Amino acid sequence: MTTTPSEYDLHAYVDGLLDGERREAVEDWLARHPGRAAEIQAWQRDAQLLRAALVGDALAPPGELDPARLRAGLARRRNARYAIAATVLLSLGAGGIGGWQIREWRGQESNRTAAAYASMAPMGDAIAAHRLFASRHDLRPDRAARGGDLQGWLDANFREPMRLPDLSGAGFRQVGARLLATEQGAAALVVYEDAGGNAISFYIRPPGPRRYLLARGDRRDGDLLTQYWSRGGYNYAMVSSGESADVVRRALDGAI
């Protein structure tokens with residue numbers, strides 16, 4: 001790859017959504033840019049931590065994105081492609097029935113994925129992100145708040161996101177933000193804190209399969225209340241605990 005991959009390509013790489021040729025191009029570029037490779041590795045770790053929190057299991061972290069390992073992976077995949085090409089040539093004589101069966105299976109699988117997503121409790125990844133980074137005060141932000149405003153950072157990473165709620169009247173200020181990865185693309189967590197260290201998080205992500213959008217609602221998970229909604233093609237949530245849930249509710253009543 002001679003050009004720098006787009007943010008879409010990098011997030012698709014983290015989520016395992018690139019085809020073989022495009023994935024190899026991104027890995028070749030990362031092998032020549034170890035600084036960005038380390039950043040992408042952090043994204044992978046975040047995505048895996050979120051998945052682990054959602055299923056309540058501790059998953060092993062992804063392998064290091066060092067240039068030598070990337071080059072070895074490229075060589076393995078090139079060899080595998082030659083074997084696949086030979087298999088395809090042999091299978092072409094079997095007729096077109098297999099192709100129709102594969103398309104039918106993919107359609108059924110897509111329907112099952114969308115149905116499973118719709119049946120899940122909404123915005124579980126927002127709760128997982130809050131517990132991992134906000135509740136433990138372990139945000140390690142991609143962008144620290146300067147002057148208490150992270151709207152410009154959010155605007156630079158998402159297309160026309162909503163305005164961040166102003167919680168300053170209740171004593172909460174923005175302290176930092178972090179980009180995260182979901183299977184549908186980039187997400188972000190913005191964390192507010194008050195003088196007592198209480199945390200509220202704002203979460204934005206693309207909708208799930210079939211552009212599954214959310215009516216405004218809320219759900220309780222242990223000590224956390226998640227208030228969620230959709231707007232402008234994104235799903236949103238604000239996660240809080242205790243009396244701060246009322247702070248969020250009042251802010252959202254004037255914003256959505």
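The values are calculated or read from the model by the stated rules, or taken from the named source; none is laboratory data. Remember, predicted model here, so these are calculated numbers, not experimental data. Here the Cβ positions follow ideal geometry from the backbone for every residue, glycine too, while neighbour counts run over all protein chains shown. Protein only, heavy atoms only, side chains kept; ligands, DNA and RNA dropped before computing areas. Shrake-Rupley method; radii C 1.70, N 1.55, O 1.52, S 1.80 Å.
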Could I have the simple spin-label model distance between D138 and R219, label points 7 Å from Cα toward Cβ, reported in nm to one decimal? 2.4
Going by amide H atoms built from the backbone, whose H comes under 5 Å of the H on A187, apart from near neighbours? L180, A181, T182
Added length on full extension, which subtracts the Cα-Cα distance from 0.36 nm per residue, R22 to R250: 77.5 nm
Once amide hydrogens are built 1.01 Å from N within the peptide plane, the residues lying 5 or more places from D142 or on another chain with amide H under 5 Å from its amide H are A177, R178, L179
Over the Cα atoms of region 164-238, what Rg and Dmax result, in angstrom? 13.2, 41
Averaged per residue, what accessible surface does region 175-230 expose to a 1.4 Å probe, in Å²? 38
If Lys and Arg each add +1 and Asp and Glu each add -1, what is the summed charge of the other residues whose beta carbon sits under 15 Å from the beta carbon of G222? +1
Computed lengthening from R231 to Y212, 0.36 nm per intervening residue step minus Cα-Cα distance: 5.7 nm
Report the one residue of G171, L150, I204 whose Cα lies farthest in the direction of the positive end of the charge dipole of region 148-210 (charges on C-beta: Lys and Arg +1, Asp and Glu -1; origin at the Cα centre). I204
